[in-house]
Amino acid sequence: MLGEDSNNAETGVHWRAHSRSVSWTDQTPVTRKPPRSLQPLCIRKHSVKEWPSAGSDDLEDWLPPLTPRGSTKGSANLGSGSGHVFQLGRDKLAFFDKECSKIAEHVYLGSDTVAKNEEVLRRHGITHVLNCVGFVCPEYFKSNFVYQTLWLRDSPSEDITSILYDVFDYFEDVRQQGGRVLVHCCQGVSRSTSLVIAYLMWRESQSFEDAFHLVKNARGITNPNMGFACQLLQCQKRVHAMPPSPSSVLRMYRMAPHSAYDPLHLVPKTVNHPCAHALDSRGAFIVHVPSTLYVWIGKECGTVMCCKARYAAAQVVRYERATGEIVGVVEDEEPKEFWVALSHKEVLVGDEEEVKNVETMQVDVGLHPRRVEEYDLDFGIFHKALAGGVVPPFSFSNAGSENCLPSKENGWGRLSRKVSH
């Protein structure tokens, strides 16, 4: 199984990825049953008190590989061969820790060590920096480079699909300016490489496997964790599959903070069970069927979230090459076609009979107000941020404390306005 750190990539074990599965293989062929088709991912929601400390992501020490006896204590149980491979892994990680790896003319990968070395950044012509680990690495040279920050954990349960299109906007903005962006996490192994692989999949119309190998050839310690790899394979299957996969018939997103640490950065998060009961009067939702993108606005939704939802729908058109029109829908003023879409049926142009059938559907169109308890935490931190800026307590802080910040416009919001013009 793929770990959260980069150990496995350097111990003589290689991974093989393709459009249906991700599997491990070593020197001896192993017969396995054909994998089942991938199902839509269910990203577990984290409480703000579950956020990790700085040392609990991919900064952990390299542990010796397990022996047949299962012991990792001391080197006495290590054979000379495994110990040699382990040392090679450490040496390779140490080498790439100082490398600013060129992936494309305007995209580079690196570690925190590179991110805090201004001389190296200038030598490679870096103008922008995408920091994937805001709770670990600060923006070292804010006056000299253009920064954007994400708050990603190196965990298979972390949702990266919701932030991909904002990242693509950033990369494209850098390219159009003739600049160069350094993408970094702690070691440049999992989080940062996953985002660059996703970008190549879109920009170069590559499969996950091809994009992975391109990045791996440039940065030999590239090793997305299993959750990231599966999410990228899901994106490939959903967007590029012919005929479209079942998950492409109806998709629903709710606008929510990317992270409790950056509550003003709103992103479209997948609703795992699209239906009328998933709507909430406090928010904005995108309902995507092949023929139309509906932007549903609740009666209590503010202007900021409303605008971001419309922009997110435009991103779907741009990056998924969606052909349907974008239709704005206000709560309690929904057209019949909207409820048909939520019934998992695609409305075809001129299909009057299908539209009439919606009258027989049992849809709670008169709920006042709509509330989904699962969304309470996200709405809470978002409105606190709008009122003056707030971040949750860090792991080393008092459990009941909050760190208040001056209210200021989010950098991702400025980027979206710039790209949309």
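Kindly provide the set of residues from the stretch 131-148 that are surrounded by fewer than 22 Cβ atoms within 10 Å (Cβ to Cβ) and under 18 Å from VAL174 (Cα atoms), ordered by number.
GLU139, PHE141, LYS142, SER143, ASN144, PHE145, VAL146, TYR147
With the condition kept exactly as written, say whether any residue in the stretch 180-193 is within 18 Å of the chain's Cα centre (by Cα), of a type in the set (A, V, I, L, M) and farther than 13 Å from ASN131 by Cα.
Looking through the stretch 180-193, at least one residue is within 18 Å of the chain's Cα centre (by Cα), of a type in the set (A, V, I, L, M) and farther than 13 Å from ASN131 by Cα.
Exactly one condition in (1) assigned by TED's automatic domain parsing to the domain that holds GLU99; (2) more than 30 Å from SER101 (Cβ to Cβ) is not met by ALA256; state its number.
(1)
Conditions first: (1) outside any strand (DSSP E or B); (2) among the hydrophobic types (A, V, I, L, M, F, W, C); (3) modelled with pLDDT of 95 or more. TRP296 passes all but one, so which condition is the exception?
(1)
Looking for something surrounded by fewer than 18 Cβ atoms within 10 Å (Cβ to Cβ), closer than 22 Å to ILE163 by Cβ and touching a His at 6+ places or on another chain (Cβ under 9 Å) - is there at least one such residue anywhere in the stretch 287-306?
Among the residues of the stretch 287-306, at least one is surrounded by fewer than 18 Cβ atoms within 10 Å (Cβ to Cβ), closer than 22 Å to ILE163 by Cβ and touching a His at 6+ places or on another chain (Cβ under 9 Å), which makes the answer yes.
Conditions tested, residue by residue: (1) modelled with pLDDT of 90 or more; (2) out of contact with any Leu (no Cβ under 8 Å at 6 or more places or on another chain); (3) assigned to a strand (DSSP E or B); (4) surrounded by fewer than 23 Cβ atoms within 10 Å (Cβ to Cβ).
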site: PHE212; (1), (2), (3), (4): yes, yes, no, no
site: CYS230; (1), (2), (3), (4): yes, no, no, yes
site: ARG238; (1), (2), (3), (4): no, yes, no, yes
site: PRO263; (1), (2), (3), (4): yes, yes, yes, no
site: PRO274; (1), (2), (3), (4): yes, no, no, yes
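Being touching a residue at least 24 places away in the same chain (Cβ under 8 Å) and among the aliphatic types (A, V, I, L, M) is the filter here; which residues of the stretch 89-135 pass it?
LEU93, ILE103, ALA104, VAL107, LEU109, VAL114, ALA115, LEU121, ILE126, VAL129, LEU130, VAL133
The values are calculated or read from the model by the stated rules, or taken from the named source; none is laboratory data. These numbers come from a predicted model, not from an experiment. Note that we place each Cβ from the backbone using ideal geometry, even for glycine, and neighbour counts take in every protein chain shown.
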